[in-house]
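What follows is one structure encoded as structure tokens, with my remarks underneath.
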Amino acid sequence: MSSKLVGVGVGPGDPELVTVKGVNALRAADVVVVPVMDTGERGRAEATVLHYVGQEKVVRVVFALNERSDRARREAAWDAAGGRVAQLLAEHSSVAFATIGDPNVYSTFTYLAQTIAELVPGTVVETVPGITAMQDLAARSGAVLTEGTEPLTLVPVTAGAAALKEALAGPGTVVAYKFGRQAQEVAEALRETGRIDDAVWGSALGLPEESVRPAAELGDAPLPYLSTLIAPAPRGGGRGGKL
């Protein structure tokens, strides 16, 4: 029988935001892999998983998640991580991989699944969706993501502030991920496009150090890397007018 690799979205950090299906997948797997940085500290995925499975079932695998400048070192870490997961698949019939957010939205899991397809042909790959940071921030801040026919654009600011500014010039809601190190550029883009007044940002959602603030308060200081911003679509009055 083929082994199975399941990418399980465990949400943005609040353990109460893991779906029932996600919890069942974590508990049904023989082992649960959690990604850790090469510095070794416990990440959000691992902290969330430990609310539902015992430590003895968790396998920590180093992914160079904090390496963005040395491509060779990053790829070497990816290869090593893929090899470790391939080894686990040879030893177990079911391996779950816990990822923050959703496994199909800017997730470590997509890269791992591609590697496993090459290393262990025939492996069955499945995903369990998870709640995303933009959904959690919308709930915590009261921001409405979309109404009627409005588009929704998700931009990773690691792609550059130009892509964000282009999206902000459009008509719909814009969500920016991973903007913490470019907070000042993001604030400038919001001001230039007239979108700063209704925008909100958040970091460490669901954790003790959570911060949810108006974008108008963005300053020059960098924020946590995994900060999320919502700039709602410009909306006029009236109920149901956009349906």
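The values are calculated or read from the model by the stated rules, or taken from the named source; none is laboratory data. Note that the coordinates shown come from a computational prediction; the quantities given were computed from them, not determined experimentally. Cβ: placed from backbone, ideal geometry, glycine included. Neighbour counts: every protein chain shown. SASA here: full protein model, heavy atoms, side chains in, ligands and nucleic acids out. Shrake-Rupley method; radii C 1.70, N 1.55, O 1.52, S 1.80 Å.
Can you find even one residue in region 57-69 that is touching a residue at least 24 places away in the same chain (Cβ under 8 Å), outside any loop (DSSP other than H, G, I, E, B), over 23 Å from A117 (Cα atoms) and out of contact with any Lys or Arg (no Cβ under 6 Å at 6 or more places or on another chain)?
Yes, because at least one residue in region 57-69 is touching a residue at least 24 places away in the same chain (Cβ under 8 Å), outside any loop (DSSP other than H, G, I, E, B), over 23 Å from A117 (Cα atoms) and out of contact with any Lys or Arg (no Cβ under 6 Å at 6 or more places or on another chain).
Scanning for something charged (D, E, K, R), assigned to a helix (DSSP H, G or I) and closer than 30 Å to R140 by Cβ, does region 85-104 turn up at least one residue?
no
Answer yes or no: is there a residue in region 117-126 that is within 21 Å of G9 (Cβ to Cβ), open to solvent by 20 Å² or more (accessible area, probe 1.4 Å) and of a type in the set (D, E, K, R).
Looking for residues that are within 21 Å of G9 (Cβ to Cβ), open to solvent by 20 Å² or more (accessible area, probe 1.4 Å) and of a type in the set (D, E, K, R), one finds at least one in region 117-126, hence yes.
Can you pull out the residues in region 195-222 that are of a type in the set (A, V, I, L, M, F, W, C) and in contact with a strand residue (DSSP E or B) (Cβ under 6 Å, 6 or more places away or on another chain)?
Listed by number, the residues that qualify are A199, V200, W201, V212, A215.
Test P232 against the stated conditions and say whether it is surrounded by 19 or more Cβ atoms within 10 Å (Cβ to Cβ) and touching a residue at least 60 places away in the same chain (Cβ under 8 Å).
Considered against the rule, which asks whether it is surrounded by 19 or more Cβ atoms within 10 Å (Cβ to Cβ) and touching a residue at least 60 places away in the same chain (Cβ under 8 Å), P232 comes out as yes.
For residues that are within 21 Å of V124 (Cβ to Cβ) and at pLDDT below 95, scanning just region 1-34, find the one that is surrounded by the most Cβ atoms within 10 Å (Cβ to Cβ).
Ranking the candidates gives S3 first.
Could you list, in sequence order, all residues of region 96-116 that are in contact with a helix residue (DSSP H, G or I) (Cβ under 8 Å, 6 or more places away or on another chain) and open to solvent by 50 Å² or more (accessible area, probe 1.4 Å)?
Those that are in contact with a helix residue (DSSP H, G or I) (Cβ under 8 Å, 6 or more places away or on another chain) and open to solvent by 50 Å² or more (accessible area, probe 1.4 Å): I100, N104, Y111.
Give me the residue from region 144-176 that is surrounded by 14 or more Cβ atoms within 10 Å (Cβ to Cβ) and among the hydroxyl-bearing types (S, T, Y) and, out of that set, modelled with the lowest pLDDT.
This residue is T158.
Hey, among the residues in region 129-143 that are touching an Asp or Glu at 6+ places or on another chain (Cβ under 9 Å) and of a type in the set (A, V, I, L, M, F, W, C), which one's least open to solvent (accessible area, probe 1.4 Å)?
Here the residue is A143.
Return yes when D220 is modelled with pLDDT of 90 or more, over 26 Å from A47 (Cβ atoms) and open to solvent by 30 Å² or more (accessible area, probe 1.4 Å) and no when it is not.
No, not satisfied.
Quick one: S93 ticks every box in (1) open to solvent by less than 30 Å² (accessible area, probe 1.4 Å); (2) farther than 28 Å from A231 by Cβ; (3) at pLDDT 95 or above; (4) in contact with a strand residue (DSSP E or B) (Cβ under 9 Å, 6 or more places away or on another chain) bar one, so which box is it?
Just one mismatch for S93, condition (1).
Would you confirm, using the coordinates I've provided, whether E41 is open to solvent by 30 Å² or more (accessible area, probe 1.4 Å) and in a helix (DSSP H, G or I)?
So E41 does not fit the description; no.
Go through the residues of region 182-196 one by one and say whether even a single one is in contact (Cβ under 8 Å) with a residue 60 or more places away in the chain and open to solvent by 20 Å² or more (accessible area, probe 1.4 Å).
Checking region 182-196: not a single residue is in contact (Cβ under 8 Å) with a residue 60 or more places away in the chain and open to solvent by 20 Å² or more (accessible area, probe 1.4 Å).
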